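Undergrad: Can you read through this structure? Questions will come right after.
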Amino acid sequence: MPSQTPQDLRDLQQPLIHHANDKSNGSEKLTIDEMLQKYCGEFGRWQLRHFVLTSLAWALEAFHTMVMIFADREPRWWCTGPGCQAQTQVCGLPPGSWDWVDGFGSSTVAEWGLVCGDKYKVGLVQSIFFFGCMIGIFGHLSDSSLGRKGSLSIICLLNGILGCLTALSPNYGVYTILRFLSGLGTGGVGMCAFVLATEPIGATKRGVAGMSTFYFFSTGIALLSGIAYTFPSWRSLYVASSIPSLLFITIVIPFLSESPRWYLVRGKTKEAMEVMRQMALTNGRTIPLGVELTLDDNAYANKTNHIETHKIDDILLQGKEAIAINGSLIDVLKSPVTRVRLYLAFMINFCCAVVYYGLSLNVVNLDTNLYLNVLLNAVAEMPAFTLTAMMLDKFGRKPLTIGTMWFSGVFCLLGIMMNKSYGMLRMICGILGIFAMAGTYNLLFIYTVELFPTVVRNAALGCVTQASQMGAILAPLVVVMPTTFPFIVFSVCAFVGGLLGFLLPETLNQPLYDTMAALEEGQAISTHIFNSS
């Protein structure tokens, strides 16, 4: 029997191995990123409409979160009798010698007397709200059978109902419980909306689009300032800021599509293809017959030739059978690659939240118009989003994260040097600090999404979001401290967060992986190329 050459062996094997992108059998298997780039369009009319409608939920999160600035404010007071004209605070004044300018219904502080010895209760209820945000479960459930769209619908319904019930609170205890329950849902609004809005967008457009979601949050804060001015009573304010969540469910949600990436990892290939075909049609394109979606670990298995022949056949067979692939936070912690990324992202987001929410809530300590201060802070965030979006693909995620955190840290450091008599200058330092940290907060969502694969993306993003909520829990307690202490804490957090950013990998122009296997394979290839060069 004549000896067989290597070419003869390859010829014998060839009919047995069907590559993911092999068109010889009439089919073409592509990952979602490849299909977006080749056939659907990375950011066409479909993605624009879906992105805008989904991102409206960010304004709802702003309403439910920042309403505390106005509802829990300490309103102005005035003397009604002799002996209090020289006082700057109501503590120690005899009953009946003073009264609230806007009446007892203007805020929870006025109605329940949360001043002097009970002032800590203001920071406490705000921290309890953020604690509810931290332990919220809907971000994690959106990776399960509820999906991104289902989770967002349930959260908005609960927030709308709980917000209206909060307006009926008979006392501080009930108010605190309802704010905690509102926090359970509010913490997942932005996360679900962000993932649902960005997952159908192509890799080259995802960064800028993702950064743009936060315009909706800042716009929500600016609108809330106007709503609070229109509804001076804290009870009417809660109703007015909660009704939009109920309107969102009835008017917007029906026009949203579930994420095709979620469909794919859940084994619902048919539904994923329906979304992709509708996307292509709306964008003026078509997907040819025979083109199918595949998970990116299948594609990597064929492209890298690092798996035995029978393993390739097994993977392709699984792809045909559309087996659902599930992931959890446990899988993130098991992988050496994602575990380190999670720890770093957790700490950086914690530091960022302390500064961002701390500076936002600190406006109540400035002797200027509260409505105007909140509006200026919201407006200051918008150019930060524009600048970071412009520099995102030029400088990369890592340098921008470090730079924006340190920029904010510098102005927080300047705020330490100014006492209360420099109220206007301290306000400017706070605005510039928020300007930079808002850009960081925005950027970290993009960064986190790109650090983890689809199958565990919401679980990882939920954990990182909990870190942000932990920072938000601490922020109200920092704000009630002596004059310069808050700025000391803010500057330390900003500089520490920037230092931790040096340890994260750059994700600019890297694929948005679907599975853990694909991420680890891609990381191994990148490391090999780096070491070879």
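The values are calculated or read from the model by the stated rules, or taken from the named source; none is laboratory data. Note that the structure is a prediction, hence the values are computed from the model and not measured. Cβ sites come from the backbone with ideal geometry, for glycine too, and all protein chains shown count toward neighbours. The area values use the complete protein model at the heavy-atom level, side chains included, leaving out ligands, DNA and RNA. Shrake-Rupley method; radii C 1.70, N 1.55, O 1.52, S 1.80 Å.
Undergrad: Counting only protein chains, not ligands or nucleic acids, how are Val480, Val239 ordered by accessible area (probe 1.4 Å), most first? Walk me through the numbers before you get to the answer.
TA: Numbers: Val480 80, Val239 55 Å².
Ranked list, largest accessible area first: Val480, Val239.
Undergrad: Taking the full set of protein chains and a 1.4 angstrom probe, give the accessible area of Lys398 in square angstrom, rounded to the nearest 10.
TA: 50 Å²
Undergrad: I'd like the Karplus ³J(HN,Hα) series for the stretch 233-240: coefficients 6.51, -1.76, 1.60, θ = phi - 60°, whole numbers in Hz, and an x wherever there's a Gly or Pro.
TA: 6, 5, 5, 5, 5, 5, 5, 5
Undergrad: Here is a follow-up. With a 1.4 Å probe and all protein chains kept in place, how much accessible area does Glu520 have, in Å² rounded to the nearest 10?
TA: About 80 Å², ignoring ligands and nucleic acids.
Undergrad: Within the stretch 184-279, report the trypsin sites (Lys or Arg not before Pro) that DSSP leaves as loop and that have at most 14 other Cβ atoms within 10 Å. All intermediate terms of the calculation are to be shown ahead of the outcome.
TA: Details: sites: Lys205, Arg206, Arg235, Arg261, Arg266, Lys268, Lys270, Arg277; in loops: Arg266, Lys268.
For trypsin sites (Lys or Arg not before Pro) across the stretch 184-279 that sit outside H, G, I, E and B with at most 14 neighbouring Cβ atoms in 10 Å, the list is empty.
Undergrad: Can you sort Phe231, Phe350, Phe395 by solvent-accessible area, 1.4 Å probe, largest first? Present the calculation step by step, with values, prior to reporting the outcome.
TA: Numbers: Phe231 85, Phe350 45, Phe395 105 Å².
Sorted by accessible area, descending: Phe395, Phe231, Phe350.
Undergrad: Report the Cα-based extents of the stretch 351-507 along its three principal axes, largest first, to the nearest Å.
TA: Largest to smallest, the principal-axis extents are 51, 30, 28 Å.
Undergrad: Projected area of the stretch 338-444, taken from the Cα convex hull and averaged over every viewing direction, in nm²?
TA: Numbers: hull surface 27.2 nm².
The directionally averaged projection comes out at 6.8 nm².
Undergrad: How large a share of the accessible area of the stretch 338-387, in percent, is made up of carbon and sulfur atoms when the probe is 1.4 Å and the other protein chains stay in place? Numbers along the way, then the final one.
TA: Numbers: 1260 of 1720 Å².
C and S fraction of accessible area: 73 percent.
Undergrad: Using alpha-carbon pairs under 8 Å, 6+ residues apart, how would you state the relative contact order of the stretch 378-451 in percent? Don't skip to the answer; put the middle values down first.
TA: On the way: 60 pairs, mean separation 34.9, N = 74.
The normalised contact order for the stretch 378-451 reaches 47 percent.
Undergrad: Please work out how much accessible surface Thr404 shows to a 1.4 Å probe, ignoring ligands, DNA and RNA, in Å² rounded to 10.
TA: Accessible surface of Thr404 is approximately 20 Å².
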